[in-house]
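Every read-out reported here was derived from the displayed coordinates using simple, explicitly stated rules and does not represent laboratory data. Everything quoted here is computed from the prediction, not taken from an experiment. Positions of Cβ are generated from backbone atoms using ideal geometry, with glycine treated the same way; all protein chains shown enter the neighbour counts.
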Amino acid sequence: MKKFTILFLLLGFIGFAQVTTNPTPVLADQPVTIYFDKAGTNLASYNGTIYVHTGLTVNGTDWSNVIGTWGSNAQPSLTLVSGTTYKLEIPTSLYAFYGVPTTSTITKMWFVFRAAGSSGPQTNPDISVNVGAFQVNLTAPAVNSTTILSSGGNLNITANNTGGPANYNLMSNGVSINTANNVSTFTYNHTGITANQNYELVVTQGTNVITKDFSAIVNPNTATEAMPAGMRDGINYNAGDATKATLVLNAPGKDFVYVAGSFNNWHPTSAYAMKKDPGGKFWLGLTGLTSGQVNTFQYWVVDQTPVANSPALVKVADPFSTLVLSPDDDPYITAATYPGLPVYPEGQRFDVSVLQTAQPSYPWQVTNFVKPAKEDLIIYELLVRDFTQGKTWDALSAKIDYFKNLHINAIELMPIMEFEGNISWGYNTTFHMANDKAYGTADSMKAFIDLCHENGIAVILDVALNHVYGRSPLARMWVNDPDGDGYGNTTTENPYCNVVATHSYSVGTDLNHQSALTQYYVQRTIEHWINDFHIDGFRWDLTKGFTQNCTNNETCTNNYQADRVAILKTYADMQWALNPNFYVIFEHLGVGSGPGSSAAEETEWANYRVGEGKGIMPWGKITDPYNQNTMGYATNSNFSSIDFENRGYSQPRLVGFAESHDEERLMYKNILYGGTSGSYDAGDLNTALDRMKAFGSVFLTVPGPKMIWEFGELGYEFSINRCEDGSINNGCRTNPKPIAFELGYDTNAERMSLYNTWAKMLKLRKENAVFHTNTFTVASGNLLPRLDIWSDAIPATQLKNVIVLANFNLTAQSVNTSFPFGGTWYNLMDNSPFDGSITSITLQPGEFRIFGNQAAIVLGNEEFSTTTIALYPNPAKNQFSLSTAAEKVEVYAVTGQLVRSFGAAEANTSFDVSSLGNGLYMVKVTDAANRQSTMKLVKE
């Protein structure tokens, strides 16, 4: 969102030709019509109503007397004149229209033109129009421009004003270098320039003062020098000296780079010209820094012979930043959300990087987290913004019991890397290694991850590495920028990005994954989140976009592409090299069949290195068939594709889901389109909630990884396309949605009944070994689905056979039980016995049964925990024992490395650890029900 004050100093040229006025100049006490031409702006292809977020500069304060609030469609709207031109008429005066006392002084009007809602396209940056009869026109160089000069060069400066004679004072680097009084035109030629200049032309007419800013940069004749060993792109801190740091920037095709920052008062001299390594990278060693002090900086990147429409000077943050400050977003981040947020440097523009030596390390409490097996994952996908009212990591941490009681074992976070704006799904990523500050500090995120690990919950990040958005340095350093606002499409010189996306699902600026630079950027991103944040897995967004072969061709995009397969295997290998058990999930959604299809890619990935316990995990969308069942329609209701074997996978790697952030809510369609029969209405709220229990029975119990989208367990029924005003519109897909807890869903008996039913199913699944099997069948397609789950490795005296039956018809149905053998069976939801000789049962509409050959293990609150196991002696010298029987005992170093493994053992068996060195270890115990517990062991 752009509704903030920016002081335009030291900027590249910004053209505001898209706004004109009648009359010109604008006078505060008269009517005016504002004309806006959307051509060439972010609104060029937008055809809805255009609104304007507008305010004034009153008594020297920018963005005063703003009308309405950002995103409100009660703000002024424009009227279409013709073609791409719109107008806003102010019929009285600026004083009356904006509600400003006539005793105040108005010197500017401010505008951000935007689409409906809070997160659609908008003009960028803020647009201002001067107000008053006294106006100053800087004719050369352009206002806010930066002129590139050779050492000893000259700069000719000319200006004029309206309203009669005025006094001119030209300042450079804070010192007056020329004056002219009682004139209407000004001319000065600054000669022999050998150092960078920051100019202010101050023009005074009576009590009115107008200042025009511009600058000049001198080519420092970049020195070639090898950078110190071990340096990597980005900020390199000196481990032995907190007063030093080394910056490295890879900017192929650029001539020279300055580093401007708080350490040189944003006036870089030749001492801050980056050197060039013989390998081509720019670098600069910084000295004299204060240990622990926050510094901000930018690279001023210069190309003296840019391609057409590309600026000679681009000011960017470091693309490998882990914290960036934004003039666009930061003013709206409160201290409650981000305590101690560094202040964006006054007078700058565009994102800046934060550099801070001697940063304290986060004190991780869990350093040996053992991830749930891939096939056992129950993933809970959520958007931090829409999950709690606080919308922060701390607020999310406060909900840990909600996750624990649901018995999920993984949380998948929609993108949390620095994105454009503060209200987003996060796929408009700009800095992949930086946390978005809208959710809180990096340490508060680490604390959330740590808390999840303490409670046996893995954390998976959704990452959008297919592309970058306009604020990214990877896009802005090589930008086609005809209007001079600092943003635009990329150019053919860009070594990271494609000018045109090489697939048919383009968003943002497409990354070229055949580029070695892009691959290096991805590698660093992977390392950062695994090593610094202890992330357990990535869900890779839009993996179909990782090919270079399919420009604007959907058929090609959906065919098998060998380059895409290869690079994504390489990225998988990068992750497993850092963490052998890392979850690698691809949102590919392959289509077609046979070796030439994108579905064949998913099969190849799922089977990749699976013999090592790895294998890439494809996203498995099964929304429509499941929703047909919940609504009561037999057509297209076959959900057997949730069985990984039906896709040619050798192991259960398919992350099956019926709801995700990209799919319409099941409950929304249940209520809107649910079938009826007599008095039975599948669209009735409480009836639909009950039918969601039946959905859970034939979804959550299927062996293999599964995913729940936030609040599905509470029957959340708000459409994915809901706008804040309650209307339904595709343009509102990423807009904020009502938060279930604020609506009282977690205290509603019917909704909590659904939550508790799913929680019981997940607990049943987690604690009974039969669900950890590869042998099962799924029969569906007639609204009477059946699951048969069994394990021949489990004796008949234990739960080894499970049968799930459900009725999604709108009337009662007789269903065959077809038990594989007689005897007593059990309803596993309450462990009540059932006569196995009964061959059929009647299920009411929306009813289900989960039968087992034995009662389920531990359906109450009992947990397999360290309170029921004794490990002794502890400390141990050569051996230890456990007070309980175990199926498997594993000993891990505190680094997470498995160092010893033992098979099944009776209670009080001795385990030999004499070969281990002295120190702290973690002992993981797995029992016959596949329950796990971990405790510390001190070896001495």
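Based on Cβ point charges of +1 for Lys and Arg and -1 for Asp and Glu, what charge dipole magnitude is obtained for the chain about its Cα centre, in debye rounded to the nearest 20? If you can, show how the numbers build up before the last one.
Working: 58 positive and 82 negative charges, 138 e Å.
Computed about the Cα centre, the dipole is about 660 debye.
Rounded to the nearest 500, the 222 nm mean residue ellipticity of the chain from helices alone is -4000 deg cm²/dmol, with -39,500 (n - 2.57) taken per DSSP H run of at least 4 residues.
Each of 825, 576, 478 was scored by other Cβ atoms within 10 Å of its Cβ. Arranged with the fewest first, they read 576, 825, 478. Here 282, 403, 546 are placed in order of increasing Cβ neighbour count within 10 Å, fewest first, which gives 403, 282, 546. Taking each residue as 0.36 nm, the span from residue 309 to residue 66 lengthens on full extension beyond its C-alpha to C-alpha distance by 84.1 nm. Among the listed pairs 244/391; 244/281; 244/446; 374/446; 374/888, those with a Cα-Cα distance over 25 Å are 244/391; 244/446. Only one of the values [x] 253; [y] 184; [z] 173 was calculated from this structure for volume of the Cα convex hull per residue in Å³; name its label. Label of the calculated value: [y]. Straight Cα distances below 16 angstrom link residue 212 to the lysines 108, with same-chain residues fewer than 8 positions distant left out. Near residue 488, once Lys and Arg are set to +1 and Asp and Glu to -1 for all other residues with Cβ below 11 Å from its Cβ, the sum equals -2.
At a Förster distance of 30 Å, what's the computed FRET efficiency of residue 782 paired with residue 604, Cβ-Cβ distance as r, to 0.05? Please report the intermediate quantities before stating the final value.
Numbers: r = 33 Å, r/R0 = 1.10.
Calculated value: 0.35.
Taking amide H as placed 1.01 Å from N in the peptide plane, residue 135 has its amide H under 5 Å from the amide H of 162, each at least 5 places away in sequence or on another chain.
For region 875-924, GluC sites (Glu not before Pro) meeting the loop criterion (DSSP other than H, G, I, E, B) and having at most 13 other Cβ atoms within 10 Å: 906. Counting charges near residue 917 (Lys, Arg +1; Asp, Glu -1) among other residues having Cβ under 13 Å from its Cβ returns a value of +2.
A protection proxy built from the mean count of other Cβ atoms within 10 Å ranks the segments 53-62, 428-437, most packed first, as 428-437, 53-62. Using θ = phi - 60° in the Karplus curve 6.51 cos²θ - 1.76 cosθ + 1.60, the 3J(HN,Hα) couplings for region 642-647 round to 6, 7, 4, 5, 6, 10 Hz; x is entered for Gly and Pro.
For region 818-828, the Karplus equation 6.51 cos²θ - 1.76 cosθ + 1.60, evaluated at θ = phi - 60°, returns couplings of 6, 4, x, 7, x, x, 7, 10, 9, 7, 5 Hz by residue, with Gly and Pro reported as x. Each of 594, 295, 190 was placed along the dipole of the chain (beta-carbon charges, centred on the mean Cα), and the one lying farthest toward the positive end is 190. A Förster radius of 56 Å combined with the Cβ-Cβ distance from residue 505 to residue 940 puts the calculated FRET efficiency at roughly 0.45.
Could you give the distance between the Cα centres of region 803-850 and region 580-657, to the whole Å? About 28 Å separates the Cα centre of region 803-850 from the one of region 580-657.
Mind checking region 675-760 for GluC sites (Glu not before Pro) that DSSP puts in a loop (not H, G, I, E or B) and that have at most 11 other Cβ atoms within 10 Å?
Of the GluC sites (Glu not before Pro), the ones in loops of region 675-760 whose Cβ has at most 11 other Cβ atoms within 10 Å are 742.
Please label the shape of region 234-356 as rounded, prolate or oblate, based on the square roots a ≥ b ≥ c of the eigenvalues of the alpha-carbon gyration tensor (a/c under 1.5 means rounded; beyond that, a/b larger than b/c means prolate, else oblate). Walk me through the intermediate numbers first.
Details: a/c = 2.08, a/b = 1.26, b/c = 1.65.
Oblate.
Once a ≥ b ≥ c are taken as the square roots of the eigenvalues of the Cα gyration tensor of region 361-620, is the result rounded (a/c under 1.5), prolate (a/b larger than b/c) or oblate (a/b not larger than b/c)? Could you put the intermediate results ahead of the total?
Working: a/c = 1.93, a/b = 1.23, b/c = 1.56.
Oblate, because a/c is 1.5 or more while a/b does not exceed b/c.
May I ask you to compute the full-extension gain from residue 244 to residue 681, defined as 0.36 nm times their residue separation minus their alpha-carbon distance, rounded to one decimal in nm? Let's see the in-between values first.
Values: separation 437, 0.36 × 437 = 157.32 nm, distance 7.04 nm.
That pair, residue 244 and residue 681, stretches by 150.3 nm at full extension.
Cβ-to-Cβ counts within 10 Å put 316, 889 in ascending order as 889, 316, the fewest first.
State the antiparallel share, in %, of DSSP beta bridges confined to the chain, rounding to the nearest 5.
Values: 149 of 182 bridges.
Counting only bridges with both partners in the chain, antiparallel ones make up about 80 percent.
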